[in-house]
1. When the Cα atoms of the stretch A:60-101 are enclosed in a convex hull and the volume is divided per residue, what value in Å³ results?
2. Rounded to two decimals, what is the ratio between the C-alpha radius of gyration of the stretch B:39-256 and 2.2 N^0.38 Å?
3. Taking the Cα atoms of the stretch B:154-238 alone, what are Rg (to one decimal) and Dmax (as a whole number) in Å?
4. Round to a whole angstrom and tell me the spacing of the C-alpha centers of the stretch A:23-83 and the stretch B:180-258.
5. What is the angle, in °, between the Cα long axis of helix A:130-143 and the longest principal axis of the Cα atoms in chain A? Nearest 10 is fine, range 0 to 90.
6. Taking 7 Å along the Cα-to-C-beta vector as the label spot, tell me the B:ALA85-B:PHE256 distance in nanometres, rounded to one decimal.
7. At R0 = 22 Å, how high is the FRET efficiency between A:HIS258 and A:GLU202 if r is their beta carbon distance? Nearest 0.05 is fine.
8. Put a dot 7 Å past each Cα toward the Cβ at A:MET218 and B:LEU5; how far apart are the dots in nm?
Amino acid sequence: MTFPQRNLPNDTHAMNETPRLELTDVHKSFGTKVVLNGLNLSLAKGESVVVIGGSGTGKSVMLKCILGLLRPDRGSIRIDGEETVGLRGAARERILTKVGMLFQSAALFDSLSVWENVAFGLIEGAGMAREQARIIALDKLAKVGLDEDMANGDPSALSGGMRKRVGLARAIATEPDIIFFDEPTTGLDPIMGDVINNLITECVRDLGATTLTITHDMSSARTIADRVAMLYGGQIIWAGGVDEIDHCDNPFVDQFIHGREEGPFALEVT
Amino acid sequence: MHNPLAIVGRFFLGFLATIGRLSVFTGKSLAAVVSPPFYWRLCLQQMMTIGYYSLPVVGMTALFTGAVLALQIYLGSARFGAESAVPNIVVVGLTRELGPVLAGLMLGGRVGAAIAAELGTMKVTEQLDALITLQTNPFRYLVVPRLIAATVTTPILVLIADIIGVMGGYLVGIHRLDFNSAVYLKNTFDFLEVMDVTSGLVKAAVFGFLIALMGCYHGFNSKGGAQGVGRATTDAVVSSLILILISNYLVTEAFFSQ
């Protein structure tokens, strides 16, 4: 199924200044399977966009293309107006200094302590002295509610919620301009999910960062987002303010946010 | 019914694709070896893991191999009255072949599997992706320390294995085969040439490099969950053992062919 390309009304507000992040006509296939099929998305500075969509619709592939972990087949991905597709080595690392990422599984390094995980980008990426990086790491861990005893511990001893908090502290440690959140509340109980959502909102507000979050969790989307975009068929099929989502006339969005079995998704499955 | 030629063709194309991927991986690894930053602390950590902690298994292997070698050579050479050659054959056999090959095979199992399992787990839990987003090149941070540590420590391990292996032969020679201690040692050192030891150490360095390379390659290319990591570990061990045996022949040819 293909969808007509359209200028998303909420993308136009970013046209007055250079968008912090802009994806234009991004395509990515694996063999014969088309995952991204002309994806367009634009994030203004300081904006929080949440991309929703079902499993296997290409949300993670989109993030990996932005981070340079996958190379799009064609299309453009610009960060602060600079083309990033095809960047390698030092040029890629320079772009990544602007970026923080919270992975779905937190992706903490087992061989390092909790504070070393948080300080990793400062020590290895920014070349900061360990003692100075440790002070910053402890400060970031305190922001997400973890004390010094936890900081000296082993990541494998932490619960899922704590691992996410450490991952969040690591994502904000270098005070990046853009932060990506990959399913930040997946696998957590609703209370811990709410804690993580609030921490994300607070940390991002303090930093003034632009954020792009991918999730299935509508509660998370409503808490974090300024704007919500729905990815389906490799394209953004709807985008709008978080307050518009309950009144939109898109049947895919309507079915998704209400979690109904009946609807266009079900028709596709059958 | 499948066409047999198509099966052969698919296998051959798959083989060539693997060679290509491995060549690219090796090229990236070697490029990372000569480009900063260098993680010396990680190199030392890996030297401890790969070298120091492998000493017991390599030492035990060498001790009993030297002992069995002395016993077998004695029994064989007794058939034509050449028992006195035992010390000479033990020392040459150990330094040229059995020391490096057996140490290489033991390390291939112990170290190759450990590297593939660790890096494979990092791959499937997105830790490799996390490294990249934290502006750290995984080749420099993970592959180079392991390659350098394995290439440097394997010859040291083999040198120790040579000494322990000769000692194993000596103990059997003295206590079991009634050799005179001074004569056994004199024959050992008189017959040994520098090239015997050198060739074994060069082999050891090649084996160490191949073990670490295979561990890293299969770990980086593991897919899926626990099953994928298990498959990567098995592949790393099998491929490193095969490459050790092939490269052993090639290095032997290079050193000793007339």
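1. Taking the convex hull of the Cα positions in the stretch A:60-101, it is 68 Å³ per residue.
2. Against the compact-globule rule of thumb, the ratio is 1.17.
3. For the stretch B:154-238, the Cα radius of gyration and maximum Cα-Cα distance read 19.8, 60 Å.
4. Distance between centres, Cα-based: 45 Å.
5. It is inclined by approximately 60 degrees.
6. Distance between label points: 1.3 nm.
7. After rounding, the FRET efficiency stands at 0.15.
8. It is 5.9 nm.
None of the figures in this text is laboratory data; all of them are computed from the coordinates on show. Quantities reported herein were computed from a predicted structural model and do not represent experimental measurements. For neighbour counting, all protein chains shown are included, and Cβ atoms are generated from backbone atoms with ideal geometry for every residue, glycine included.
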